[in-house]
1. Filter segment 241-255 down to the residues that are touching a Lys or Arg at 6+ places or on another chain (Cβ under 9 Å) and in a loop (DSSP other than H, G, I, E, B) and list them by number.
2. Output the residues belonging to segment 227-237 that are in contact (Cβ under 8 Å) with a residue 60 or more places away in the chain and either surrounded by fewer than 16 Cβ atoms within 10 Å (Cβ to Cβ) or touching an Asp or Glu at 6+ places or on another chain (Cβ under 7 Å) (or both).
3. If Tyr17 passes every condition in (1) open to solvent by 50 Å² or more (accessible area, probe 1.4 Å); (2) outside any helix (DSSP H, G or I) but one, which one does it miss?
4. Among the residues of segment 294-305, which ones are surrounded by fewer than 17 Cβ atoms within 10 Å (Cβ to Cβ) and touching a residue at least 60 places away in the same chain (Cβ under 8 Å)?
5. Could you check segment 256-282 and list, in sequence order, the residues that are open to solvent by less than 10 Å² (accessible area, probe 1.4 Å) and part of a loop (DSSP other than H, G, I, E, B)?
6. Would you please name the residue that is nearest to Arg48 (Cα to Cα), looking only at residues in segment 82-94 that are in contact with a helix residue (DSSP H, G or I) (Cβ under 9 Å, 6 or more places away or on another chain) and open to solvent by 30 Å² or more (accessible area, probe 1.4 Å)?
7. Can you find, within segment 25-42, the residue that is farthest from Tyr70 (Cα to Cα) among those that are open to solvent by 80 Å² or more (accessible area, probe 1.4 Å) and not small (Gly, Ala, Ser)?
8. Look through Pro150, Pro136, Pro141 and report the one residue that is in contact with a Ser or Thr (Cβ under 7 Å, 6 or more places away or on another chain) and touching a residue at least 60 places away in the same chain (Cβ under 8 Å).
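The values are calculated or read from the model by the stated rules, or taken from the named source; none is laboratory data. Quick caveat, the model's predicted, so the values are computed rather than measured. All Cβ positions, glycine included, derive from the backbone under ideal geometry; neighbour counts span all protein chains shown. Ligands, DNA and RNA are stripped out before the accessible areas are found, and what is left, the full protein with its side chains, is counted by its heavy atoms. Shrake-Rupley method; radii C 1.70, N 1.55, O 1.52, S 1.80 Å.
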Amino acid sequence: MLERAVQAAPNDMNGLYGLALACLALGDQPAKLAALDRLLDVDPRNMRALIMKGDHYADVGDDRAASAFYGEALAVAPPDLPPDLMREAQRAHARQQTYAAAFEARLREALARSGMEGASGRFARSIDILTGRRQPYVQEPRTFLFAELPQVQFYERDQFPWMDRLEAATDAIREELAAVMADPASFAPYVEGEKDRPGGDYHGMLGNADWSSFYLWKDGAPVEANAARCPRTLEALEDAPLSRTPGRTPSILFSMLKPGARIPPHTGMVNTRLICHLPLIVPPGCGLRVGNDTREWVEGKAWAFDDTIEHEAWNTSDQTRVILLFDIWRPELTEDERRLVNAMFAAIDDEGGGRSWGT
């Protein structure tokens, strides 16, 4: 009866699915597959058919094919599944996880025999992405993307020998910070609105004192009164390749995150710079995630990261966290490219773009 129904309406999905179920019950595997293939030709996103075909390959021991069909079924699943299909989705997910774990174990065993223990960190991270342990992230600047720059989350510390001088000055910088913190009014919310730009909630951080700052330099120029209070901090940065774009960068500031505060996931404005941190006061329970790499600050240990890759920060402690934050040129940019970037922003400003990053 189902065969006659399908002959009369070859593209009827209910008839094709019913025929596949009937053939499954009769043990007619070729006819079942033929019905499923016809159904998926009509509707490649049919979740029930995808799971059923995954079951077929699972039964015959083809784990890779089964995992592929289960994965596709889960990828096309709508958010409001009926209870019976939800149970099928959960079963497909469990099987896919089993296959993924087995595949990863075999892959890592084979790589271990090839000497993966000595492999570079970025290759190891690539394997984590391949096996689903890490999600890939890319640059998503909100204003300007300089083309064809490498996608690096945290840069290797040895790329920045000038950080040695900065780290050596940690105690002196912390002393200047302590004097600033003696007057809590010195700090202002990190995210502040501009009257000549549209407002926005900025992930709930606009005007929020939980994330606050004390600027030594702001928008490419010194904040004279503040800079005068922190001469040793600025001296420690004399060797840093600060991103100098008139009216825009660098910014040099003490960044404070209050107890229990969290900076939501966000991305920066331009990928021609890197953000640097020198941790000064770091209680337990503080961390930074950049893309798929999560790290904890260590007092006196600097790092650089690409803030146009999604990142977030948190302070789950009952104490304040403070870092020195500043921006530098990306090391991949040539001097001529840096000059061109500055010329571009100067042209934008001449057209009325103002000092903000927006055009």
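1. Correct list: Ser243, Arg244, Gly247, Arg248, Pro250, Ser251.
2. Just the residues of segment 227-237 that are in contact (Cβ under 8 Å) with a residue 60 or more places away in the chain, to begin with: 232-233, 235-237.
Within segment 227-237, Arg232, Thr233, Glu235 qualify.
3. (2)
4. Across segment 294-305, the qualifying residues are Arg295, Glu299, Lys301.
5. Selection gives Ala261, Gly268, Asn271, Thr272.
6. Per the criteria, the residue is Glu88.
7. The residue in question is Leu26.
8. Sole residue among the options that is in contact with a Ser or Thr (Cβ under 7 Å, 6 or more places away or on another chain) and touching a residue at least 60 places away in the same chain (Cβ under 8 Å): Pro141.
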